[in-house]
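**Q** Structure provided below as structure tokens; questions to follow.
No value in this document is a laboratory result; all are computed from the given coordinates. Because the structure is predicted, anything quoted here is derived from the model rather than measured. A quick note on method: Cβ atoms are made from the backbone with ideal geometry, for glycine too, and the neighbour counts reach across all protein chains shown.
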Amino acid sequence: MKTILDKQQLHLTILRLAHQLLENNLNLKDVVFIGIQPRGVQVAAKMMECIQQLSAGEKPQYGILDITFYRDDVRDELHVGSTTDIPFSIEEKKVILIDDVLYTGRTIRAALDAIQDFGRPRKVELCVLVDRRFNRELPIQPDYCGKAIDTVISQKVKVEWDKEAVVLY
């Protein structure tokens, strides 16, 4: 077990990502943020708190997306979907998908498929807390990345919110 981001580094990384998102999106009127269920939602919620504080109380449009039934890599068992809550139109908006760890790219591919059910965005960008760079199965790269690491397939990267750390197993 190795700590990749400790409590302070985790908070600073989320704050830095929030700053980058605001830097590249000065007007939040045509921007929507969507956390990917299940683990991206916690990262997204913390990022939305920072963005709201940094943007002088401007309330960003924030939704939650469940991709359970859009996945192509889990077919053997019965799955129960999570919550999707997108209470706004994404039509002609910039959508910023937020997830915790980018690994094979299959979660993001599923999210791209799922988001199409809500309209046609003008642009889609990806923000991840951790990018496991050399394990991609699909040609997907983040636009915003908190920490890029090199791992082997047998390793696991977990964001442990109870310890407020990112850990490599």
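**Q** Run the numbers on region 2-168 and let me know its relative contact order in percent, using alpha-carbon pairs under 8 Å that are six or more apart.
**A** Numbers: 312 pairs, mean separation 43.7, N = 167.
Worked out over region 2-168, it gives 26 percent.
**Q** Here is a further query. Show which lysines lie in cross-link reach of LYS59 when reach means a straight Cα distance below 19 angstrom and same-chain residues fewer than eight apart are skipped.
**A** Qualifying lysines at Cα under 19 Å: LYS29, LYS46, LYS93, LYS94.
**Q** Hey, in the GNM for the chain with a 10 angstrom Cα cutoff, which one of ARG39, ARG16, ARG122 fluctuates hardest?
**A** In this elastic network of the chain, the residue with the biggest mean-square fluctuation among ARG39, ARG16, ARG122 is ARG122.
**Q** Rank these for me by crowding, PHE134, PHE118, going from fewest to most other beta carbons within 10 Å.
**A** Working: PHE134 11, PHE118 18.
If I rank by nearby Cβ atoms, fewest first, I get PHE134, PHE118.
**Q** Of the listed values [x] 24, 17, 15; [y] 28, 20, 18; [z] 24, 21, 14, identify the label whose number matches semi-axes √(5λ) of the Cα gyration tensor in Å calculated from this model.
**A** Among [x] 24, 17, 15; [y] 28, 20, 18; [z] 24, 21, 14, the one derived from this structure is [z].
**Q** While we're looking at this one, here's another question. Based on DSSP H runs of at least 4 residues, each adding -39500 (n - 2.57), what is the mean residue ellipticity at 222 nm of the chain after dividing by all its residues, to the nearest 500 deg cm²/dmol? List each step's numbers first, then the result.
**A** On the way: 3 runs with 43 residues, N = 169.
Computed mean residue ellipticity for the chain: -8000 deg cm²/dmol.
**Q** Right, next: Could you check which residue among LEU65, LEU22, LEU97 shows the biggest mean-square fluctuation in a GNM of the chain with a 10 Å Cα cutoff?
**A** LEU22
**Q** Build a GNM of the chain with springs between Cα atoms under 10 Å: which of ASP117, ASP100, ASP131 gets the top mean-square fluctuation?
**A** Among ASP117, ASP100, ASP131, the largest mean-square fluctuation in the Gaussian network model of the chain belongs to ASP117.
**Q** Please give the length that would be gained between GLN52 and ASP150 if that part of the chain were fully extended, namely 0.36 nm times their separation in residues minus their C-alpha to C-alpha distance (nm, one decimal).
**A** On the way: separation 98, 0.36 × 98 = 35.28 nm, distance 3.22 nm.
Value of the extension gain: 32.1 nm.
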